[in-house]
Amino acid sequence: MLLIMLILPAIYQLIGPYDQSWAVHLTSFIVLSVCYWQSITQPRFRKAFIILQLLTVSLIGALYSPWNLAFAFYPGLIIGLFLPEHYTRRYTGLMGLCLLVSLTAFFTLHENSWHFYWLPIVITIVTLPFVVRMYRKSLVINQELKVANEEITRLIKNEERQRISRDLHDSVGHTLSLITLKSELMERLIRDNPEEAIEEAKAIQDISRSVLLQIRKLISDMQAVDIEEELKHAEEVFDWAKISFHYEVRFEIDEVSPITRNILGMCLRECITNVLKHSGAKNCTVALRANAGKYVLSVEDNGRGFTLNNNELQDFGNGLHGMKERLLLIGGKIHIDSNSEGTKVAITVPKI
């Protein structure tokens, strides 16, 4: 792609009239092209080839026309693409000095009065390395963001696997152990007390159904969670629980990255579960808004509340711990205010 930029000027150089000036222009362009290519492929001698390009452009600019200074585009491009930041400033300053000397020499040699029709060219060429460097930085930052998002996604999956393994151990594992004990008891009762054994068998059936429900819930939790879907689900659940529910969204949810939407959705699910299980609330309000550089999710209820220890989460259940761990993946924070009149959970995540 960098070589393609030489094609059009090369074609232009082949157009006559074929005199001494044409020969000098063609030779200068060949020298410039060779130095340009070498500055790309030879990092060790890159600075030397940049200087040779600047000297070539300055020479033909001084001898023939300030319009030839447009060829400084090539060393300017190399400066912006390949040199470190401190060298970018130095060599851009050197390029500006070379262009100024070339212009001064041209108007002195030809004894012409100064004209400023060349000024836009010089300004464009001098600013080019910084524009290219900014573009290069944006590409690097985008690539780093892509890698970071992939890492966050991987960490979220790992965290969900750990959560599911904890749930399997704490709930399903406990229930299966209970089935084993019940079945052993039934085996002992089946000869001496058949009626009681039948009751134990019915209990085992009930326990096995609860295990099936728990497994279905775990499978449902493994599926992708989206904040928009969780809001609709919360509306249905609160309607079933006879709890008044209101929510408002003050920005376009589509503008939020998928990872942020997923984590906010999981946090909202946990908040809604806590309201239903523990708060005893009659009203619940959810608000999603965008402030300067961040998104804020707030969940507020008028339930019985609970005691906070300096807003620390170590005394809380695994659900709130899980919320905090997920939010750390994207630089988010959670703040809880709770008293006898209700609880408010405010979740803040940066825009990414």
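The values are calculated or read from the model by the stated rules, or taken from the named source; none is laboratory data. As the structure is a prediction and not an experimental result, all values here were calculated from the model. Every residue, glycine as well, gets a Cβ built from its backbone with ideal geometry; the counts of neighbours run over all protein chains shown. In case anyone asks, the SASA skips ligands and DNA or RNA and just uses the protein heavy atoms, side chains included. Shrake-Rupley method; radii C 1.70, N 1.55, O 1.52, S 1.80 Å.
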### Query
List pairs: first in the range 219-236 and closer than 16 Å to ASP254 by Cα and of a type outside the set (Val, Ile, Thr), second at pLDDT 85 or above and open to solvent by 80 Å² or more (accessible area, probe 1.4 Å), Cβ under 7 Å, 6+ apart or cross-chain?
LEU231/TYR247
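Would it be correct to say that PRO17 is closer than 23 Å to PHE82 by Cα and open to solvent by 80 Å² or more (accessible area, probe 1.4 Å)? Outline the logic, then answer.
Numbers: closer than 23 Å to PHE82 by Cα: no; open to solvent by 80 Å² or more (accessible area, probe 1.4 Å): yes.
Spelling it out, it is not the case that PRO17 is closer than 23 Å to PHE82 by Cα and open to solvent by 80 Å² or more (accessible area, probe 1.4 Å).
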### Task
Could you tell me whether PHE116 is more than 22 Å from HIS25 (Cα to Cα) and either among the charged types (D, E, K, R) or open to solvent by 80 Å² or more (accessible area, probe 1.4 Å) (or both)?
yes
### Query
Among (1) open to solvent by less than 70 Å² (accessible area, probe 1.4 Å); (2) more than 38 Å from the chain's Cα centre (by Cα), which single condition is TYR36 missing?
(2)
### Summary
The condition from (1) modelled with pLDDT of 85 or more; (2) open to solvent by 20 Å² or more (accessible area, probe 1.4 Å); (3) under 18 Å from THR124 (Cβ atoms); (4) under 35 Å from the mean Cα position of the chain (by Cα) that ALA70 misses is numbered (4)
### Query
When residues of the range 286-297 are filtered for being within 13 Å of PHE245 (Cβ to Cβ) and surrounded by fewer than 16 Cβ atoms within 10 Å (Cβ to Cβ), how many remain?
1
### Summary
For ALA105, the lone unmet condition from (1) open to solvent by 70 Å² or more (accessible area, probe 1.4 Å); (2) closer than 25 Å to GLN13 by Cα is (1)
### Summary
With criteria (1) touching a Phe, Trp or Tyr at 6+ places or on another chain (Cβ under 9 Å); (2) touching a residue at least 40 places away in the same chain (Cβ under 8 Å); (3) open to solvent by 40 Å² or more (accessible area, probe 1.4 Å), GLN42 comes up short on (2)
### Task
Scan the range 45-61 residue by residue and report those that are in contact (Cβ under 8 Å) with a residue 40 or more places away in the chain, of a type in the set (A, V, I, L, M) and surrounded by fewer than 22 Cβ atoms within 10 Å (Cβ to Cβ).
ILE51, LEU55, LEU59
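Aliphatic (A, V, I, L, M), more than 34 Å from the chain's Cα centre (by Cα) and either at pLDDT below 85 or over 22 Å from LEU119 (Cβ atoms) (or both): is that true of ILE60 in this structure?
On the way: aliphatic (A, V, I, L, M): yes; more than 34 Å from the chain's Cα centre (by Cα): yes; either at pLDDT below 85 or over 22 Å from LEU119 (Cβ atoms) (or both): no.
No; evaluated as a whole, the condition is false for this residue.
Condition check ((1) modelled with pLDDT of 85 or more; (2) touching a Phe, Trp or Tyr at 6+ places or on another chain (Cβ under 6 Å); (3) part of a loop (DSSP other than H, G, I, E, B)) across all residues:
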position: PHE107; (1), (2), (3): yes, yes, no
position: GLU111; (1), (2), (3): no, no, yes
position: HIS115; (1), (2), (3): no, no, yes
position: THR124; (1), (2), (3): yes, no, no
position: MET134; (1), (2), (3): yes, no, no
position: ILE141; (1), (2), (3): yes, no, no
position: GLU150; (1), (2), (3): no, no, no
position: THR153; (1), (2), (3): no, no, no
position: ILE156; (1), (2), (3): no, no, no
### Query
Which of (1) open to solvent by less than 40 Å² (accessible area, probe 1.4 Å); (2) over 17 Å from PRO129 (Cα atoms); (3) more than 41 Å from the chain's Cα centre (by Cα) is the odd one out, the single condition ILE11 does not satisfy?
(1)
### Task
Kindly indicate which of GLU270, GLU300, GLU325, GLU248 is open to solvent by 30 Å² or more (accessible area, probe 1.4 Å), part of a helix (DSSP H, G or I) and modelled with pLDDT of 85 or more.
GLU270
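Go through ARG89, ARG133 for me and flag whichever is more than 15 Å from LEU32 (Cα to Cα), of a type in the set (D, E, K, R) and open to solvent by 60 Å² or more (accessible area, probe 1.4 Å).
Numbers: ARG133 fails: open to solvent by 60 Å² or more (accessible area, probe 1.4 Å).
When all the criteria are applied, what remains is ARG89.
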### Message
Residue under question is ILE50, and the condition is that it be modelled with pLDDT of 90 or more, in contact with a Pro (Cβ under 7 Å, 6 or more places away or on another chain) and farther than 19 Å from SER28 by Cα; does it hold?
### Response
no
### Message
With among the hydrophobic types (A, V, I, L, M, F, W, C) and over 26 Å from SER340 (Cα atoms) as the only criterion, which of ILE253, ILE272, ILE243 stands out?
### Response
ILE253
